[in-house]
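Remarks on the structure that follows.
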Amino acid sequence: MEEESMEEEGGGGEAMMDDQNHNNWGAGGYGQLLLGERPLPARPAGPEQNGAGLRGCEPGAAAGRAGPAGAIAAINISASTSKFLMNVITIEDYKSTYWPKLDSAIDQLLTQSPGDYIPISYEQIYSCVYKCVCQQHSEQMYSDLIKKITNHLERVSKELQASPPDLYIERFNVALGQYMGALQSIVPLFIYMNKFYIETKLNRDLKDDLIKLFTEHVAEKHIYNLMPLLLEAQSTPFQITPSTMANIVKGLYTLRPEWVQMAPALFSKFIPNILPPAVESELQEYAAQDQKLQRELIQNGFTRGDQSRKRAGEELTYNGSSACASSRGYR
């Protein structure tokens, strides 16, 4: 209706219409055909100036040959092509817009402390990764991610080297826990890159690659300084908290299982099946080790509690009577 009124008021003038990208197409052949105006004049036979063999590929040419239906199809094709071109992410767009967002989010994830609130949009970061993968920027994004995390780990390693011995173990534990916690967020955010580039083209896994980075840039550089301190702390009960010792030992075993050979007795306290199974001929030796540990605990101020009201042999008598009752079926 609007087009008809425009024709009547304009005295046969051409109507001006815009598509979704605000491109004026009403003055051309497309709008004329849709508005019922005179058809385009027939093209002369033979080559034309400025691109003789290419004019037949133009949408206007197809519209002239196919009539109004062809014009409508040409408009739809033109609109969809324009929309597709508008969504293309060039390498400049990636470097100036998309990677800076990812870079900032990775920074925050790598430096967060357990329990901290991170003011980032996981949905936005996930969407950035997805779009970059779809636009064939996976290789560049993977390279940037590895470079980013490598630089971070090199800074962490330098900070550990400057740590005094009494803080060395605790700071290594913080660095290890912080990094492993960050991977729990970073790996899922880059799941599309992992699935469609790292696994399919590199035949690797993103989490394994990032764990390997920590091994190479931090753990390998500090293992020979860390292990003597751990053995010394083990010989002095509660010099460091049991949770810290457990976290470090389990973390080292995750990074490189062969490090067990450096201190089998230490690793066996936290990792099952490290040492060979016990044999009956060594039971006396095991008992002697337990007694030694008890003496060391007593020397460091740990007591067994109030034993004054406990009669000699009472525990043995109670355990023996309980065993007999159990064997007879009593409760």
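Readers should treat all values here as calculations from the given coordinates under stated rules, not as data from a laboratory. Everything numeric in this text was worked out from a predicted model, so none of it was measured. Note that we place each Cβ from the backbone using ideal geometry, even for glycine, and neighbour counts take in every protein chain shown.
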Task: Charge dipole (debye, nearest 20) of segment 91-270; +1 at Cβ of Lys and Arg, -1 at Cβ of Asp and Glu - done: 200 debye
TODO: Return, ordered by residue number, the residues of segment 174-209 whose backbone nitrogen is under 13 Å from a label point located 7 Å along Cα→Cβ of Ile146.
DONE: 198-199, 201-209
Open item on the list: Taking 10 °C and 1.306 mPa s as the conditions, I'd like the Stokes-Einstein D for segment 91-270 in µm²/s, using the Kirkwood hydrodynamic radius from alpha carbon pairs.
Closed with: 90 µm²/s
TODO: Excluding residues on the same chain fewer than 8 positions from Lys158, give the lysines whose Cα lies under 25 Å from its Cα.
DONE: Lys147, Lys148, Lys207, Lys212, Lys221, Lys250
Task: Rounded FRET efficiency, nearest 0.05, which uses the C-beta distance separating Leu283 from Glu220 and R0 of 25 Å - done: 0.05
Task: Virtual spin-label span in nm between Tyr122 and Ile91, 7 Å along Cα→Cβ - done: 3.4 nm
Task: Linear extension gain, Arg171 paired with Arg256, 0.36 nm per residue minus alpha-carbon span - done: 28.6 nm
